[in-house]
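Below: the structure, in C-alpha cells.
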Amino acid sequence: MSFGDFDLLAGLEEKVPARLAAAVALMPLVDHHVHGCFTRTLTRAEFEQAINEASPDPIPEFMTPFDSQLGFAIRRWCAPLLGLEPHAGADDYWAARSALQPEELNGLLLGRAGVEHWIVDTGVSPSGICTPEIMAELSGTGSSEILRLELLAETVAQEKDSPASFASDFRDALAGAVPAVVGLKTIAAYRCGFDIDWADPSARKVEQAFAAWRTASPGASRLQDPVITSFIVHAAAAYGLPIQFHVGFGDRDMDLHRSNPVLLLGLLRQAGMQNAPVMLLHCYPYHREAGYLSQAFNNVYFDVGLSLNYVGARSPEIVGESFELAPFAKQLYSSDAVGPPELHLLGSILWRRALVQVLGSWVQRGEWSESDAIRVAEMTAYGNARRVYGI
Ligand SMILES: [Zn+2]
C-alpha cells in the first residue's frame, strides 16, 4: 500500500486486511498534541540530543541515539525520503540530511504525515521552533493553539506580583487568552506531581500560597506550589475547554512515579471538573491506567503519543494495550513531536502501521468485522479529536 510516493505499509501487505490497510494508510489525522519543528540548521550533536527525550546531558562518546528504536525508525522510514536505501547508516543519513536546508527538509517530511490539523503546544520549547501558523503553511493544513496554564500564571505573577489580587488577575488573564486557543494544558506532573490535594482552594489559601511562593524565591518565576496548581486547573475547568495533562514519559526533570494518572482520581471525582474534557497525554508507561480512567470518567480521554516514536518497532504492543479497557470514543492520535520533522512524520507512520496490525489481527481472527475496524480507526485518527476540540 503506498501513501503518496512511499510505502507506508511495506512488509505488511500480505498480513493485513486490504480494505482496512487502504483506509488507515490514507485517513487524515488530527495531531492533538504536537510542538513546532526546527526552522534552523542543526549540528549533529543537536540532532542527536533532540532524538533523546529523557536526558538533558551531552551524549557520551560510547553511544549514539541512532542506536535506539527511534534511531532505527528514522533510518528505516525517513532515509528513503532523502534518496537513501531503507536502513541507511547513521553517517549516510546525516550527510543526506545536512545537504538540505531546513525548509526543504520540513517540506519533504511534514506533508507526508497526512495530518489535517495540528494542535500545537506553544509553551516552553527549544530555540528555533516554528509557530502553529508556519506548521500549517509548511504542511498545507490547519493548526490551532493550546495555552499552558503554568506559563500564564507565571506571567501574571511577574507582571502584577500581588498576593491579594493574584486569583482575580489570573482569572482575568485566562478570560483574555481563552478565545485564541482550542484547549489548555497543565504540566503539574513536572512541577508538583499528581499526589497533591486537588481541592479547589479558597481565596485565602491562594493568597497565602502566592505570598509564600514569591518570598521563597523572589524574582524567580517557576510555579511549583500545589495549592496554586490546583487553583489554576479549577479556574481553567470552568471554561469547559479540553485540559491537557502531561502524563508519564518525559524528561528526567519530572518524578515519573508521581505522574501516574490514577493519582488524579481525587481531582477527577470533583463536580467542578465534569464539564471539562481531561486529555491525558502520552501516558506511557501508564497507558493502561489511562485506559481505565477513560472508561471510569465520561470526560477523560487519552493518547499514546511520544511513546510510539521511542518504542519504534514495538508500537503494535503499546497500541494493542491502549485498545484494552478504553472505550473507542475516548482515544486520540498525537505525535508529541518537537524539533526534527522526522518526529512529526514518524508519529504518523508508526501509529498507522501499529493500528493496521492490531485491528487487522482481530479482523483476521474473526473477532472484529473489517467495517468496525475501519470505523474505530477513523474515530481515533480524527473523529474524536474533531468532536472534543470543536474543529
Ligand atoms: Zn508532550
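Can you pull a Stokes-Einstein diffusion coefficient for the chain at 25 °C (0.890 mPa s), Rh from Kirkwood over Cα pairs, as a whole number of µm²/s? Working shown, then result.
Numbers: Rh = 21.7 Å.
Roughly 113 µm²/s, to the nearest whole number.
Using the Cβ atoms and a cut-off under 13 Å, what net charge is assigned to the surroundings of residue 288, where Lys and Arg are +1 and Asp and Glu are -1? List each step's numbers first, then the result.
Numbers: positive: none; negative: 289, 317, 321, 324.
Spelling it out: positives minus negatives among the neighbours equals -4.
Where a Cα-Cα gap under 26 Å defines reach, which lysines qualify for residue 160, not counting those fewer than 8 residues away within the same chain?
185, 205
Check which residues have an amide H placed less than 5 Å from residue 29's amide H, if you skip close sequence neighbours.
Under 5 Å from the amide H of residue 29: 115, 116, 117.
Given R₀ = 30 Å, what would the calculated FRET efficiency be for residue 313 paired with residue 216, taking r from the Cβ atoms and rounding to 0.05?
In this case the efficiency is close to 0.05.
Suppose we take every Cα in the stretch 63-173 and form the convex hull; what volume per residue is that in Å³?
151 Å³
Under a crude label model (7 Å from the Cα following the beta-carbon direction), how far is residue 364 from residue 265 in nanometres?
Taking the two extended label points, one gets 3.9 nm.
Could you work out the percent of alpha carbon pairs in the stretch 112-192 separated by over 14 Å, rounded to a whole number?
Of all Cα-Cα distances in the stretch 112-192, 68 percent exceed 14 Å.
Can you give the extra length, in nm with one decimal, that the chain gains between residue 195 and residue 12 once fully stretched, where that is 0.36 nm per residue apart less the Cα-Cα distance?
Between residue 195 and residue 12, full extension yields 61.6 nm more.
Could I have the simple spin-label model distance between residue 168 and residue 64, label points 7 Å from Cα toward Cβ, reported in nm to one decimal?
Distance between label points: 6.1 nm.
Given Cβ point charges of +1 (Lys, Arg) and -1 (Asp, Glu) and nothing else, what value in debye, to the nearest 20, does the dipole of the stretch 45-100 about its Cα centre take? Don't jump to the answer; show the numbers that get you there.
Numbers: 3 positive and 9 negative charges, 56 e Å.
It works out to roughly 280 debye.
Given a cut-off of under 8 Å on Cα pairs at least six residues apart, what relative contact order in percent is computed for the chain?
Once divided by the residue count of the chain, the mean separation gives 22 percent.
Sequence-distant or interchain residues sharing an amide H contact under 5 Å with residue 143, placed H: which?
118
Name the residue farthest towards the positive end of the dipole of the chain from the options 343, 138, 119, assuming +1 on Cβ of Lys and Arg, -1 on Cβ of Asp and Glu, about the Cα centre.
Result: 119.
Arrange the peptides 8-17, 339-348, 189-198 so that the one whose residues have, on average, the most other Cβ atoms within 10 Å appears first.
Averaged packing, sorted descending, gives the order 339-348, 189-198, 8-17.
Would you please give the FRET efficiency between residue 251 and residue 19, computed as 1/(1 + (r/R0)^6) with r the Cβ-Cβ distance and R0 = 51 Å, to the nearest 0.05?
The calculated FRET efficiency here is 0.80.
Step through the residues of the stretch 114-127 one at a time and calculate ³J(HN,Hα) from phi using the Karplus curve (6.51 cos²θ - 1.76 cosθ + 1.60, θ = phi - 60°), rounding each to whole Hz and writing x for Gly and Pro.
x, 8, 8, 7, 9, 9, 9, 7, 9, x, 2, 9, x, 6
Can you work out the accessible area per residue across the stretch 45-100, with the rest of the protein chains kept in place, probe 1.4 Å, in square angstrom? Intermediate results must be reported in sequence, preceding the final value.
Details: 2860 Å² over 56 residues.
Computed with neighbouring chains in place, this is 51 Å² per residue.
Among 66, 54, 93, flag the residue with its Cα farthest along the positive direction of the charge dipole of the stretch 45-100, charges on Cβ as +1 for Lys/Arg and -1 for Asp/Glu.
93
Along the charge dipole of the stretch 173-228, which of 226, 193, 212 sits closest to the positive end, that is, farthest toward it, with unit charges on the beta carbon of Lys, Arg, Asp and Glu (+1, +1, -1, -1)?
After comparing all options, I get 212.
Compute the angle between helix 226-237 and the longest alpha-carbon principal axis of the chain, please, reported from 0 to 90 degrees and rounded to the nearest 10.
Around 70 degrees separate the two axes.
Taking 4 °C and 1.567 mPa s as the conditions, I'd like the Stokes-Einstein D for the stretch 195-299 in µm²/s, using the Kirkwood hydrodynamic radius from alpha carbon pairs. Provide the component values of the computation, followed by the final result.
Numbers: Rh = 14.8 Å.
In µm²/s, the coefficient is 87.
Please list 3J(HN,Hα) in residue order for the stretch 285-294, calculated via the Karplus relation 6.51 cos²θ - 1.76 cosθ + 1.60 where θ = phi - 60°; whole Hz, with x for glycine and proline.
Per residue, the Karplus-derived 3J(HN,Hα) values read x, 9, 5, 6, 4, 4, x, 4, 4, 6 Hz.
So what's Rg/Rh here for the stretch 45-100, counting alpha carbon atoms and using the Kirkwood radius for Rh? Don't jump to the answer; show the numbers that get you there.
Working: Rg = 11.3 Å, Rh = 11.7 Å.
Value, to two decimals: 0.97.
Between residue 247 and residues 5 or more places away or on another chain, which pairs have amide H atoms under 5 Å apart, with H built 1.01 Å from N, and which residues are they?
Distant-sequence amide H within range of residue 247: 281, 283.
Rounded to the nearest 0.05, what FRET efficiency do residue 295 and residue 387 have when you use their Cβ-Cβ distance and R0 = 22 Å?
0.80
How high is the relative contact order of the stretch 254-391? Use alpha-carbon pairs under 8 Å, at least six apart in sequence, and give a whole percent.
Computed value for the stretch 254-391: 20 percent relative contact order.
Report the label-to-label distance for residue 180 and residue 41 in nanometres (one decimal), using points 7 Å from each Cα along the Cα→Cβ vector.
3.3 nm
So, with a 1.4 angstrom probe, what is the percent of accessible area on the chain that is carbon and sulfur?
That fraction is 53 percent.
Charges at C-beta only: +1 for Lys and Arg, -1 for Asp and Glu. How large is the resulting dipole of the chain about its Cα centre, in Debye rounded to 20?
In debye, rounded to 20, the chain gives about 840.
The values are calculated or read from the model by the stated rules, or taken from the named source; none is laboratory data. Everything quoted here is computed from the prediction, not taken from an experiment. Cβ: placed from backbone, ideal geometry, glycine included. Neighbour counts: every protein chain shown. Protein only, heavy atoms only, side chains kept; ligands, DNA and RNA dropped before computing areas. Shrake-Rupley method; radii C 1.70, N 1.55, O 1.52, S 1.80 Å.
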